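Asks: Let me give you the structure first, and then I'll get to my questions.
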Amino acid sequence: MLVSNKLMGIGYGVVLLGLVWARMSGAVNGAAGWINMGPISIQPSEFCKLFLSLYCARLLAQREQRIYLRLPDPAPVWGKLTAEHIRYIAIAGLLLLILIEPDLGGFMINSCIVLILWLASRRDYRWSVKVLGGLALGAILLSQLMRFFNPFSGRLEYMYRRFTAYFNPFQYSNAEGKQLVNSYYAISNGGFIGRGLGNSIQKRGYLPEPYTDFILSVIAEEIGFIGTLVVLSLLAWIICRIILIGIRSKNTYNSLVCYGIGTFMMAEALFNIGGVSGLIPITGVTLPFVSYGGSSMIVLSLSLGIVMNISANQRRNREIDLISATKDI
């Protein structure tokens, strides 16, 4: 199911136009990441996740095929830049547009897609593990250094206040720490078995964004630790199945597409869980398949459809191989 270059080019143009349009639109909760179209709004960075999964998978699969067949490097098309270099620059351009919205959560998730697919296309797994470990260590050190200096100013000041609230939310419980403090209250109120469906107290004006960013806190309050564990286990099962389909695929492109889709679902889940539990600063990332949001649900549905198509092709190929083996006998 390799997508043509022409279709990829059209997709890139649509995503790029959407991100520019969103940047020119009015800000919502400090970020200009939505296109308002009357009764509905579209978040282009959500569609960028699926596009980058397909675009990077195609680019890296073509690169691997060229290396395997020992084909010559492509000729430069502009100065010393080849078409492959220009595509890498185009990917960086999309990430930059998401960052300057500013949408830090969307930027981190889309960056994770590009990074994981690039590492997955390499054969040196030890080196990939070292890269991931170094990036994780660098992120921890950077977050600790931000206790002592503020790299943001002006319109981005609210980002630094989120970091200060993350380190000590109860000190800022009436300001930036209000979200996290009320999330703690909701999780604490739920206990092991919860207060019952629809009986959440924190969602009634205390906890902001109870249907999107903090839906997990409401779930924890209503169905408790056990119910939350069931919900997260089902989500983990879906992600693991997607990655397993990618591992079983004999086609590099299909494998990388599954890895990209599994990566952004896993990153969304980890950022959301970490945010509502205070393990990482709040980034405004939704919980896959659970949080309210039309753009997110459309992208997730399309992604699952693509993965199911890859899985169906795998099963069909196995049946063809089995029939061929039976005829040979």
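Asks: Select, from 199, 168, the only residue that is surrounded by fewer than 19 Cβ atoms within 10 Å (Cβ to Cβ), polar (S, T, N, Q) and within 26 Å of residue 292 (Cα to Cα).
Replies: The match here is 199.
Asks: Under 7 Å by Cβ, and 6 or more places apart or on different chains, what pairs join a residue from region 188-212 that is under 20 Å from residue 275 (Cα atoms) with one that is charged (D, E, K, R)?
Replies: If the second residue must be charged (D, E, K, R), the pairs left are 189/195; 189/221; 190/221; 190/222; 200/221; 200/222; 202/221; 210/203.
Asks: Out of region 172-188, which residues are touching a helix residue (DSSP H, G or I) at 6+ places or on another chain (Cβ under 8 Å) and either assigned to a loop (DSSP other than H, G, I, E, B) or farther than 24 Å from residue 289 by Cα (or both)?
Replies: Result: 172, 173, 175, 176, 177, 178, 181.
Asks: With the requirement that a residue be more than 20 Å from residue 43 (Cβ to Cβ) and not hydrophobic (A, V, I, L, M, F, W, C), what does region 281-318 give you?
Replies: Hits for region 281-318 are 281, 309, 311, 313, 314, 315, 316, 317, 318.
Asks: Scan region 110-151 for residues that are among the hydrophobic types (A, V, I, L, M, F, W, C) and within 19 Å of residue 59 (Cα to Cα) and jot them down.
Replies: 112, 113, 114, 115, 116, 117, 118, 119, 120
Asks: Further question: Which residue pairs have Cβ atoms under 8 Å apart, sit 6 or more places apart or on different chains, and have a first residue in region 108-122 that is in contact (Cβ under 8 Å) with a residue 12 or more places away in the chain and over 11 Å from residue 132 (Cβ atoms) and a second that is buried (at least 19 other Cβ atoms within 10 Å of the Cβ) and charged (D, E, K, R)?
Replies: 109/49; 109/268; 110/49; 113/49
Asks: Within region 267-279, is even one residue part of a loop (DSSP other than H, G, I, E, B), touching a Lys or Arg at 6+ places or on another chain (Cβ under 6 Å) and at pLDDT below 90?
Replies: no
Asks: Taking the residues in region 202-227 that are surrounded by 16 or more Cβ atoms within 10 Å (Cβ to Cβ) and of a type in the set (Val, Ile, Thr) as candidates, determine which candidate is farthest from residue 294 (Cα to Cα).
Replies: Within region 202-227, the match that is farthest from residue 294 (Cα to Cα) is 223.
Asks: Hey, can you tell me all the residues within region 203-227 that are in contact with a Pro (Cβ under 9 Å, 6 or more places away or on another chain), part of a loop (DSSP other than H, G, I, E, B) and under 18 Å from residue 284 (Cα atoms)?
Replies: 203, 214
Asks: Ok, one more. Give me the pairs: first residue in region 77-101 and closer than 18 Å to residue 285 by Cα and exposed (fewer than 12 other Cβ atoms within 10 Å of the Cβ), second residue modelled with pLDDT of 85 or more and not β-branched (Val, Ile, Thr), beta-carbon distance under 7 Å, and six or more apart or on different chains, which are they?
Replies: none
Asks: Working carefully through the options 240, 258, find the one that is closer than 21 Å to residue 50 by Cα and surrounded by fewer than 17 Cβ atoms within 10 Å (Cβ to Cβ).
Replies: Going through 240, 258 in turn, just one is closer than 21 Å to residue 50 by Cα and surrounded by fewer than 17 Cβ atoms within 10 Å (Cβ to Cβ): 240.
Asks: Which number in (1) over 23 Å from residue 116 (Cα atoms); (2) touching a helix residue (DSSP H, G or I) at 6+ places or on another chain (Cβ under 8 Å); (3) of a type outside the set (Ser, Thr, Tyr) marks the one condition that residue 327 misses?
Replies: (2)
Asks: Can you tell me which residue is modelled with the lowest pLDDT among those in region 13-43 that are touching a Leu at 6+ places or on another chain (Cβ under 8 Å) and surrounded by 14 or more Cβ atoms within 10 Å (Cβ to Cβ)?
Replies: Taking the candidates together, the pick is 23.
Asks: Quick one: how many residues across region 182-196 are of a type outside the set (Gly, Ala, Ser) and buried (at least 20 other Cβ atoms within 10 Å of the Cβ)?
Replies: Counting residues in region 182-196 that are of a type outside the set (Gly, Ala, Ser) and buried (at least 20 other Cβ atoms within 10 Å of the Cβ) gives 2.
Asks: What single numbered condition from (1) more than 20 Å from the chain's Cα centre (by Cα); (2) acidic (Asp, Glu); (3) at pLDDT 80 or above fails to hold for residue 73?
Replies: Unmet for residue 73, out of (1) more than 20 Å from the chain's Cα centre (by Cα); (2) acidic (Asp, Glu); (3) at pLDDT 80 or above: (3).
To keep it simple, each residue is scored yes or no on (1) of a type outside the set (A, V, I, L, M, F, W, C); (2) touching a residue at least 60 places away in the same chain (Cβ under 8 Å).
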residue	(1), (2)
297	no, no
306	no, yes
311	yes, yes
315	yes, no
320	no, no
323	no, no
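Asks: Keeping to region 285-303, report how many residues are touching an Asp or Glu at 6+ places or on another chain (Cβ under 6 Å) and not in a helix (DSSP H, G or I).
Replies: Residues in region 285-303 being touching an Asp or Glu at 6+ places or on another chain (Cβ under 6 Å) and not in a helix (DSSP H, G or I): 2 in total.
The values are calculated or read from the model by the stated rules, or taken from the named source; none is laboratory data. Quantities reported herein were computed from a predicted structural model and do not represent experimental measurements. Cβ atoms come from the backbone with ideal geometry, glycine included; neighbour counts cover every protein chain shown.
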